[in-house]
Every structure is written in structure tokens, then in C-alpha cells.
Amino acid sequence: MIILLTNDDGIHAEGINILADTLLQMEGVDLFIAAPDHERSATGHAITMHRPLRAEQTKFLHNSSLKGWSINGTPADCVKLAVEYLMPKRPDLVVSGINKGANLGTDVLYSGTVSAAIEATILGIPGIAISLTTYDKPDFRFAANFMPRLLNTLGGKNLPDKTLLNINVPGIARSKIAGVSITYLGLRHYRNAFQKRVDPRGKSYFWMAGEPDDSAKEDEGSDIYAISKGYISITPVHFDLTNHKLIEEMQDLKWEI
């Protein structure tokens with residue numbers, strides 16, 4: 001199996017390095033890494049059109065067998081460039097992560113991690129995004145070790161077209177993990193999204209910050225609910241945003257032109 005590994009935290013982030021080491025231990029895996037040269041979190045599905053993309057081959061000091069491409073673009077850029085130019089063969093799977101911090105609910109619309117997996121599905125390649133739901137002293141080893149078990153469980157089962165798996169692993173001790181839950185995307189709200197500050201010249205400016213507002217009640221079955229109960233959340237995500245039911249209703253209207 002040829003796996004393309006990418007992320008949005010940057011090619012030297014701890015999460016992608018630990019995941020790379022883990023995937024290399026799987027029998028029959030040929031690993032190719034293409035990731036941003038620095039952190040590109042919350043870039044969504046942006047692609048670079050108005051400046052050149054540069055790709056430099058990178059070695060990893062902790063593991064001489066690991067080699068990859070460092071790209072001065074977004075996660076979506078990395079997948080497009082790797083698949084269409086850098087890789088000698090088309091990958092069988094694109095894995096994006098391990099992201100530091102959750103990608104739950106509506107986070108997927110902003111996430112560079114998830115967008116890399118979406119780009120894979122656009123190119124007709126199965127995609128998986130994986131995130132660890134903590135920023136506080138993250139330990140990526142359990143989440144990394146879950147990936148081979150996930151692939152073995154899937155057993156080569158093909159995902160439907162235009163569908164990726166968005167995985168979130170609770171940032172808690174392995175002994176406290178309750179299990180695996182197959183979920184739908186919840187609705188995530190943030191409080192205090194902006195901080196207003198004043199520069200030395202007296203002009204206002206803003207930093208986007210904010211924290212998830214977990215006070216809103218989430219129904220059982222959502223990814224946010226699953227994580228709150230200590231479950232690994234696996235959400236099949238379909239990037240077709242069309243409301244197909246509404247198409248049928250609107251077709252029955254009398255339109256004037």
C-alpha cells in the first residue's frame with residue numbers, strides 16, 4: 001500500500017513524525033511524506049495561485065529512513081502537488097495528521113488537516129484525517145498506534161466516492177478510552193472569538209482566539225458528544241454540501257424569468 005502522509009502543523013511537527021514512524025512499521029507500506037514547511041492551521045481548503053510553490057526534499061534527523069517534501073503551501077497544495085507531480089506512483093491512501101487539537105463538528109470547514117483529506121477525495125483517492133483532541137502536553141503515541149488497527153479493521157474496504165474519515169482521539173490516558181463511536185458532525189460554537197488590542201499608535205486591531213463553548217447540549221451520536229464521553233470518534237464526511245431534498249422541493253416551484 002502506498003500512503004501519502006501530510007498535515008497542517010508542518011513537516012517537523014511531532015504528530016506527523018510519530019505517525020510516520022508507526023506507519024513504516026506496517027508490513028507492505030510504502031510511505032511518502034509531503035507537508036507544509038511551517039504551520040498552516042485553519043487554512044481551510046485554500047490553494048496557492050498567486051505565487052510559486054517550492055518543494056524541497058527533507059530528511060528527518062530522528063529517523064534516517066524517513067524522507068519527504070517540505071512545501072511552502074497549504075495542506076491542499078501539498079496533496080495536489082505530491083499526487084500530480086512529486087510521487088512516482090499514485091497513492092492508495094492519503095492520511096492527514098496527527099493534528100494537535102480537535103477537528104470536531106464545524107471545525108472541518110476551517111481545518112487544513114481535514115481539507116488535505118478532502119483534496120484526496122477530490123482526486124479520487126481515499127482520505128483519512130486524524131486529530132488528537134488536546135493541546136496540553138499531547139501524547140501522540142496512542143493515536144498513532146490506532147491508525148494501523150483502523151486500517152486492519154477496514155481490511156481494504158473502499159470508502160464511497162467523495163467520502164473521507166475524520167477521526168478524533170481523546171487526549172486522555174489509554175485506560176480511560178471508552179471505545180470507538182461512529183458519529184455525525186456536531187455543531188461547534190466558540191466564545192470570545194476575538195480579542196481587541198491597541199497598537200502603540202492608538203489604533204485598534206484584533207486577534208482571533210476563542211475557546212470551544214461546551215455548554216451547548218450535544219445529542220448522542222455526534223462527534224462532540226462522543227469525545228466528551230471518552231470515545232474515539234470516526235465520522236464519515238461527504239464533501240457534497242448540496243441539500244438534495246430541497247432540490248426536489250424547489251423543482252416544484254413556478255419560476256419566473
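Laboratory data are not the source of any read-out in this text; all were calculated from the coordinates shown. Fair warning: this is a prediction, and the values are worked out from it, not measured in the lab. Heads up, the Cβs are rebuilt from the backbone with ideal geometry, glycines too, and the neighbour counts pull from every protein chain shown.
In the chain, if the dipole is taken from +1 on Lys/Arg beta carbons and -1 on Asp/Glu beta carbons about the Cα centre, which of His45, Met208, Ser65 is farthest to the positive end?
My answer, from the dipole projection, is Ser65.
Please state the charge dipole magnitude for the range 52-192, taken about the Cα centre, from unit charges on C-beta atoms (+1 on K and R, -1 on D and E), reported in debye and rounded to the nearest 20.
Roughly 340 debye for the range 52-192.
Quick check on the range 121-210: of the DSSP beta bridges with both residues there, what percent are antiparallel, nearest 5%?
Close to 45 percent.
So, with +1 on the Cβ of K and R and -1 on the Cβ of D and E, and no other charges, what is the size of the charge dipole of the chain about its Cα centre, to the nearest 20 debye?
640 debye
Compare the peptides 16-27, 81-92 by average per-residue count of other Cβ atoms within 10 angstrom and give them in order, highest first.
16-27, 81-92
Take each of the peptides 244-250, 71-77, average the number of other beta-carbon atoms within 10 Å over its residues, and list them starting from the highest.
71-77, 244-250
How many percent of DSSP beta bridges within the chain run antiparallel, rounded to 5?
Of the beta bridges lying entirely in the chain, close to 40 percent run antiparallel.
Provide the FRET efficiency to the nearest 0.05 for the Tyr85-Leu246 pair, computing r from the beta carbons and using R0 = 35 Å.
Calculated transfer efficiency: 0.35.
Nearest 5 is fine: what % of DSSP beta bridges in the range 106-257 come out antiparallel, could you say?
Approximately 55 percent, going by the DSSP bridge assignments.
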